[in-house]
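First the structure, in the form of structure tokens, and then the observations on it.
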Amino acid sequence: MRIERDRPDDEIPTSSMADIAFLLIVFFMVTTTFTATRGLDFALPEDDDNPPVIEKEESVLIEIFPGGNLVVDQNPMKLGEIIEYLKPKLERNPKKPVIIRPDVATEYRHMVEVYDELRQGEEHGLSEPINISVPTQREIQSFWY
Amino acid sequence: MKLKASIEHKPNIPTASMADIAFLLIIFFMLTITFEVDKTQVQLPKTTLRYEIPKKAAYVSVDPNGRIRVSDGNSQSSLVSAADEVLSMAATVIATDPQKTFVVKSDGDVPWEKVDEVLDALKRAKVRDLRLLSDQRTVDDL
């Protein structure tokens, strides 16, 4: 007669492993927040005690008023027209500083729009990146007046 | 003649590799996860040009009400009452790491005056690498 022997199970029970793993996946998927981690680099001019003196006439002044109204060298202008206006000036002097001066009450996004537009000068056919300068109110008060 | 009993097949789904796949996904999520240091809800300005911001950057956020929060990139952002506190925080961070990236995360409708104060503080703290956080501008925005 054959003796029936109770054979012990020689397998590692792994069926619940996947459950645990998927639980962890769900946790990571729920807690991961896809955030905006991209933006524009903003070159700060060196905080120099003796900054180079720029005559107002040597530069292009872009004033931004609340609502996004632009005044470039005293001429009202639309955002898309700035580069065309700058082209002949910058061809003569590619280092010509372009100063962005938003009004204190201007919404921040309008300043970013203008800055973004000027940064794309090379895509619009300029030979060199535009020398953009965004002076802060403190600098304007201490050096311009 | 005695018929041979048919071999009984136990229904079995092979799940051994399931855990491997799952753990692979876990490792992927663990490596890609970045803990947000600043949870301020803002409507970012939109730009055409956007560049990747390095991880562990210090954040200065300005919410729609003009409240400023700062984070050194390691801990959660905290509310500050004036732009002068941004200067002291930035100066401390720059003292330990002069090349530290600073990110300005400001709502698009905040008056320039407020952002100007923040930029001025960062400039005085001698921040060299500054980024303006933005959303992608699409054709619909034009």
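The values are calculated or read from the model by the stated rules, or taken from the named source; none is laboratory data. Nothing here was measured: the structure is a model prediction, and the numbers come from that model. All Cβ positions, glycine included, derive from the backbone under ideal geometry; neighbour counts span all protein chains shown. Keep in mind that these areas ignore ligands, DNA and RNA; they rest on the heavy atoms of the full protein, side chains included. Shrake-Rupley method; radii C 1.70, N 1.55, O 1.52, S 1.80 Å.
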Please return the ranges of strands (runs of 3 or more DSSP E) entirely within region B:51-142 where 3 or more residues are within 9 Å of another protein chain (Cβ to nearest Cβ) and under 18 Å from A:Gly39 (Cα atoms). B:101-106, B:129-133
(1) open to solvent by 60 Å² or more (accessible area, probe 1.4 Å); (2) facing another protein chain (nearest Cβ under 9 Å); (3) free of Cβ contacts under 8 Å to residues at least 24 places away in the same chain: which one isn't true of B:Leu31, the others all being true? (2)
Those residues of region A:120-141 which are part of a helix (DSSP H, G or I) and either at pLDDT 90 or above or open to solvent by less than 20 Å² (accessible area, probe 1.4 Å) (or both) amount to A:Gly121, A:Ile140
Test A:Lys78 against the criterion of being away from chain B (no Cβ under 11 Å) and touching a residue at least 24 places away in the same chain (Cβ under 8 Å), and give yes or no. no
Sole exception among (1) in a loop (DSSP other than H, G, I, E, B); (2) open to solvent by less than 100 Å² (accessible area, probe 1.4 Å) for B:Pro14, by number: (2)
Restricting to region B:51-75, name every residue that is under 21 Å from B:Gln136 (Cα atoms) and open to solvent by 50 Å² or more (accessible area, probe 1.4 Å). B:Tyr51, B:Glu52, B:Pro54, B:Lys55, B:Pro64
What number of residues within region B:35-50 satisfy the criterion of being within 9 Å of another protein chain (Cβ to nearest Cβ), open to solvent by 30 Å² or more (accessible area, probe 1.4 Å) and β-branched (Val, Ile, Thr)? 1
Is at least one residue of region B:76-91 farther than 24 Å from A:Val104 by Cα, exposed (fewer than 15 other Cβ atoms within 10 Å of the Cβ), among the polar types (S, T, N, Q) and in contact (Cβ under 8 Å) with a residue 12 or more places away in the chain? yes
Restricting to region A:84-134, what's the tally of residues that are within 11 Å of chain B (Cβ to nearest Cβ) and of a type in the set (Phe, Trp, Tyr)? 2
